[in-house]
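**Student:** Quick one: structure below, then a few questions.
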Amino acid sequence: MFALKKFSILLCFAVATTILSLSVTAAVVEEKLNVLVFYESLCPDSKRFLQNQLGPNYDELGDFLDIKLVPFGNAKSVDDGKEFVCQHGPAECLGNLKQSCVINQTTNQTAQVKFVVCQMTTHWNDNDVKECSESVGLSSNIDNCVNTQLGINLQLEAERITKLYQVNYVPTIVYDKVFNQDLQQNSLKDFRGTVCDLLRTRGDISLDDEVCK
Ligand SMILES: *[C@@H]1O[C@H](CO)[C@@H](O)[C@H](O)[C@H]1NC(C)=O
Ligand SMILES: *[C@@H]1O[C@H](CO)[C@@H](O)[C@H](O)[C@H]1NC(C)=O
């Protein structure tokens, strides 16, 4: 009788431990590595990052990431958005605005990233969004955003978050909402390696996982 009671206490403890570890695992899996990408439509370094780093690695790493693309960089609003002034001139402001508008059509991260990578790779200097938006199933008819308060609000929001992180180099890449200069520099040279290191540290993947071999 005594032995049985002891056994059931042990069992209960074992069950409780299992439930606890399950819920911890679930929390880790649910919360993806947050990646903020601050960039500018006409910035050659932004083009390079999107074309050579994020673009080629997205298919494999995308599922582990919660990515937000913020096309604004060193731009500035004047009079609450009556006007914007951009590092590479008015064409860049139009490019930032158009990309904000296309991104705002969807919450589908893959579509957002693929659009921006395509745009920054093949149409980065002509601001023609038709080919790239349609290639990911989004509309290129963005007049009702570009020419309205919605477009202004999207750019003001991009400015707010850019200022929050005190971005001074473009592009700037921020992981889990904390800027880190080493991760920033490594990301521009080796985004894949940087992300894989972070995913391993978080316990999202192991050293043997195919995705980061
Ligand atoms: C587009 O932007 C508006 C205004 O900020 C916002 O309310 C809406 O949720 C955005 N849509 C998507 C799909 O993100
Ligand atoms: C998200 O967008 C991609 C690229 O256009 C597409 O292949 C995928 O089916 C979309 N996913 C969903 C859930 O709509």
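**Student:** Only one residue in Q119, Q99, Q109 is polar (S, T, N, Q), under 15 Å from A158 (Cβ atoms) and at pLDDT 95 or above. Which one?
**Tutor:** Q99
**Student:** Okay, next question. Do any residues in segment 160-189 that are more than 11 Å from L36 (Cβ to Cβ) have Cβ atoms under 8 Å from those of residues that are charged (D, E, K, R) and modelled with pLDDT of 95 or more, where the two are at least six apart or on different chains, and which pairs are they?
**Tutor:** Qualifying pairs under 8 Å: V170/E40; V170/D45; L188/D45; L188/R48.
**Student:** I'd like to know if segment 77-85 contains one or more residues that are surrounded by 16 or more Cβ atoms within 10 Å (Cβ to Cβ) and under 22 Å from the mean Cα position of the chain (by Cα).
**Tutor:** no
**Student:** On the given criteria, is F64 of a type in the set (F, W, Y) and surrounded by 22 or more Cβ atoms within 10 Å (Cβ to Cβ)?
**Tutor:** Working: of a type in the set (F, W, Y): yes; surrounded by 22 or more Cβ atoms within 10 Å (Cβ to Cβ): no.
So F64 does not fit the description; no.
**Student:** Say we look at segment 131-159 and pick out the residues that are in contact (Cβ under 8 Å) with a residue 60 or more places away in the chain and surrounded by 15 or more Cβ atoms within 10 Å (Cβ to Cβ); which of these is nearest to V113 (Cα to Cα)?
**Tutor:** Step one: list which residues in segment 131-159 are in contact (Cβ under 8 Å) with a residue 60 or more places away in the chain, which gives 152-153, 155-156, 158-159.
Narrowing further to those that are surrounded by 15 or more Cβ atoms within 10 Å (Cβ to Cβ): 152, 155-156, 158-159.
Numbers: I152: 21, Q155: 18, L156: 21, A158: 16, E159: 20 Å.
Filtering first and then ranking leaves A158.
**Student:** Also: Is there any pair linking a residue in segment 91-106 that is within 15 Å of K76 (Cβ to Cβ) to one that is among the aliphatic types (A, V, I, L, M) and buried (at least 23 other Cβ atoms within 10 Å of the Cβ), with Cβ under 8 Å and at least six apart or on different chains, and which?
**Tutor:** Within 8 Å, the pairs are N96/A158.
Residues checked against (1) away from ligand 1 (no atom under 15 Å from the Cβ); (2) under 30 Å from L199 (Cα atoms):
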| residue | (1), (2) |
| --- | --- |
| G55 | yes, yes |
| L97 | no, no |
| Q105 | no, yes |
| F115 | no, yes |
| C118 | yes, yes |
| N127 | yes, no |
| D143 | yes, no |
| G151 | no, no |
| E159 | no, yes |
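The values are calculated or read from the model by the stated rules, or taken from the named source; none is laboratory data. The structure displayed is predicted, hence computed values, not measured ones. Every residue, glycine as well, gets a Cβ built from its backbone with ideal geometry; the counts of neighbours run over all protein chains shown.
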